[in-house]
Amino acid sequence: MSIILNIETATKNCSVSIAEDGKIIAIKELNNGNYSHAEVLHPFIFDVLKEANLTSKNIDAVAVSKGPGSYTGLRIGVSAAKGLCFAFDKPLISIDTLTSLSHAISIDKGFIIPMIDARRMEVYGAVYNENNQQIREIKAEIIDENSYTEFLETNKVYFLGDGSQKCKSIITHINAVFVDDKFPSAKEMAQLSFDKYQKSDIENVAYFEPFYLKDFIVIPEKKKKPTF
């Protein structure tokens, strides 16, 4: 039996779950349109442990969504996960955010394209088949009317995630299907983290860093003109 704590903070959905052998036994998440992870993540961890009647010492591993996604959100989640691993000498498991998101739906045939908003008309996206196998690498890409044509011309393509919503008016192919209200969640992480745990596919806690995909850019504030 394995007990894994799963932490997902890559997008606006702050999500924490406890899973036993890949099955959810407690979950708590909040997606209120804001990045409130700094305020709610640690209370959520406490709450799911309490609901499962466990303590931090009882867990066998900590899994964290590694990105891509929000720079700040990823930092918060990874810092919390590494802190728990250091404190209680637990292994750290990283889960690709887009792979986890692709498991939010099931299809019989076609392609799944999970998307995370990267501001303006840019998204972080990857392509998966009906078995959730990645068939195109993760990219940061600007969406236009020709995006994903090679997949749309051959089969149904299911777009999901917060990045997909701004693409509805641009990707208008008859084979494009937009799935609403799907976000990366600790729910989908449960089976993925269990599979990795069974294979001892773990990270070096000291050196692990989130997968940002793009460099973090700080936009400087405009200097105020002096008043006399």
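What follows is calculated from the coordinates using simple rules that are stated; it is not laboratory data. As the structure is a prediction and not an experimental result, all values here were calculated from the model. In this analysis, Cβ positions are derived from the backbone assuming ideal geometry, glycine residues included, and neighbour counts consider all displayed protein chains.
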Run the simple label-point estimate for Q191 and E145 please: 7 Å along Cα→C-beta, distance reported in nm.
3.9 nm
Compactness ratio of the chain: Cα Rg over 2.2 N^0.38 Å, N = residue count?
1.08
Within the stretch 105-179, percent of DSSP bridges classed antiparallel, to nearest 5:
60 percent
Sorted by packing (mean other beta-carbon atoms within 10 Å per residue), highest first, where do 53-66, 90-103 land?
90-103, 53-66
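Just tell me the longest site-free run in the chain, where the sites are GluC sites (Glu not before Pro) in a DSSP loop having at most 12 other beta-carbon atoms within 10 Å. Walk me through the intermediate numbers first.
Numbers: sites that count: E145, E153, E221.
Looking at the chain, 1-144 is the longest stretch - no exposed GluC sites (Glu not before Pro) with at most 12 other Cβ atoms within 10 Å.
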Could you run the Debye sum over the Cα atoms of the stretch 105-179, one equal point scatterer each and no solvent, and tell me log10 of I(q)/I(0) at q = 0.14 Å⁻¹, two decimals?
-0.36
In the stretch 94-178, trypsin sites (Lys or Arg not before Pro) in a DSSP loop with at most 14 other beta-carbon atoms within 10 Å
K109, R119, R120, K168
